[in-house]
Amino acid sequence: MEIEHGNVVYRLAAAAKALAKDRPSALPMPMEAAATLWVADPSSPRRSTADLERQLKRPLEQWLPSEIPAAHTSGARGASHAR
(Lines give C-alpha, C1' and ligand atoms only; values in the text may rest on other atoms or scores of the structure.)
Protein backbone atom coordinates (compact mmCIF):
# COMPACT_ATOMS: atom_id res chain seq x y z
CA MET A 1 0.00 0.00 0.00
CA GLU A 2 1.54 3.27 -1.09
CA ILE A 3 0.77 6.43 0.87
CA GLU A 4 1.13 9.80 -0.80
CA HIS A 5 3.82 11.78 1.01
CA GLY A 6 1.66 14.90 1.04
CA ASN A 7 -0.92 12.95 3.05
CA VAL A 8 1.72 12.17 5.68
CA VAL A 9 2.67 15.83 6.02
CA TYR A 10 -0.99 16.86 6.15
CA ARG A 11 -1.72 14.40 8.97
CA LEU A 12 1.37 15.50 10.92
CA ALA A 13 0.46 19.17 10.55
CA ALA A 14 -3.16 18.53 11.55
CA ALA A 15 -2.05 16.54 14.60
CA ALA A 16 0.35 19.29 15.71
CA LYS A 17 -2.32 21.96 15.37
CA ALA A 18 -4.98 19.91 17.16
CA LEU A 19 -2.62 18.99 20.01
CA ALA A 20 -1.79 22.65 20.55
CA LYS A 21 -5.49 23.54 20.81
CA ASP A 22 -6.98 20.68 22.82
CA ARG A 23 -4.62 17.82 23.64
CA PRO A 24 -7.11 15.39 25.27
CA SER A 25 -9.53 15.57 22.34
CA ALA A 26 -6.74 15.41 19.79
CA LEU A 27 -4.93 12.27 20.98
CA PRO A 28 -6.28 10.02 18.20
CA MET A 29 -4.73 12.33 15.58
CA PRO A 30 -1.06 11.68 16.44
CA MET A 31 -1.82 7.95 16.60
CA GLU A 32 -3.23 8.11 13.06
CA ALA A 33 -0.35 10.30 11.90
CA ALA A 34 2.21 7.87 13.37
CA ALA A 35 0.52 4.97 11.59
CA THR A 36 0.44 6.88 8.29
CA LEU A 37 4.10 7.81 8.70
CA TRP A 38 5.03 4.17 9.30
CA VAL A 39 3.04 2.98 6.27
CA ALA A 40 4.80 5.61 4.14
CA ASP A 41 8.21 4.49 5.44
CA PRO A 42 7.96 0.93 6.83
CA SER A 43 11.74 0.66 7.12
CA SER A 44 11.67 3.21 9.94
CA PRO A 45 10.72 2.20 13.47
CA ARG A 46 7.14 2.77 14.55
CA ARG A 47 6.77 5.92 16.63
CA SER A 48 4.81 6.05 19.83
CA THR A 49 2.29 8.84 20.31
CA ALA A 50 4.54 10.42 22.96
CA ASP A 51 7.56 10.32 20.64
CA LEU A 52 5.56 11.82 17.79
CA GLU A 53 4.34 14.62 20.08
CA ARG A 54 7.96 15.41 20.99
CA GLN A 55 9.00 15.38 17.34
CA LEU A 56 6.13 17.67 16.33
CA LYS A 57 7.71 20.42 18.42
CA ARG A 58 10.61 20.46 15.93
CA PRO A 59 10.53 21.52 12.27
CA LEU A 60 9.37 18.60 10.14
CA GLU A 61 12.42 18.90 7.89
CA GLN A 62 14.66 17.94 10.81
CA TRP A 63 13.13 14.54 11.49
CA LEU A 64 10.97 13.35 8.59
CA PRO A 65 12.48 10.53 6.55
CA SER A 66 14.45 11.81 3.57
CA GLU A 67 12.09 9.93 1.22
CA ILE A 68 9.42 12.52 1.90
CA PRO A 69 10.23 15.39 -0.44
CA ALA A 70 11.11 18.75 1.09
CA ALA A 71 8.58 20.40 -1.22
CA HIS A 72 5.79 18.81 0.81
CA THR A 73 7.18 19.97 4.15
CA SER A 74 7.42 23.68 3.38
CA GLY A 75 3.66 24.23 3.76
CA ALA A 76 3.51 22.34 7.04
CA ARG A 77 6.53 23.94 8.66
CA GLY A 78 4.49 26.36 10.75
CA ALA A 79 2.37 23.52 12.10
CA SER A 80 5.40 21.95 13.69
CA HIS A 81 5.79 25.14 15.72
CA ALA A 82 2.12 25.33 16.75
CA ARG A 83 2.89 25.07 20.45
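The values are calculated or read from the model by the stated rules, or taken from the named source; none is laboratory data. As the structure is a prediction and not an experimental result, all values here were calculated from the model. Positions of Cβ are backbone-derived with ideal geometry, glycine not excepted, and every protein chain shown enters the neighbour counts.
Which of the residues that make up segment 19-49 are of a type in the set (A, V, I, L, M, F, W, C) and either closer than 15 Å to Pro65 by Cα or under 12 Å from the mean Cα position of the chain (by Cα) (or both)? The answer is Leu19, Met29, Met31, Ala33, Ala34, Ala35, Leu37, Trp38, Val39, Ala40. Within segment 43-83, the only residue that satisfies the criterion of being among the hydrophobic types (A, V, I, L, M, F, W, C), crowded, with 16+ Cβ neighbours inside 10 Å, at pLDDT 85 or above and in a helix (DSSP H, G or I) is Leu52.
Would you be able to tell me the number of residues in segment 17-34 that are within 22 Å of Pro59 (Cβ to Cβ) and out of contact with any helix residue (DSSP H, G or I) (no Cβ under 7 Å at 6 or more places or on another chain)? Within segment 17-34, residues that are within 22 Å of Pro59 (Cβ to Cβ) and out of contact with any helix residue (DSSP H, G or I) (no Cβ under 7 Å at 6 or more places or on another chain) number 3.
Being small (Gly, Ala, Ser) and at pLDDT 85 or above is the filter here; which residues of segment 1-42 pass it? Spell out the reasoning first.
Quick first cut of segment 1-42, residues small (Gly, Ala, Ser) only: 6, 13-16, 18, 20, 25-26, 33-35, 40.
Residues satisfying the conditions are Ala13, Ala14, Ala15, Ala16, Ala18, Ala20, Ser25, Ala26, Ala33, Ala34, Ala35.
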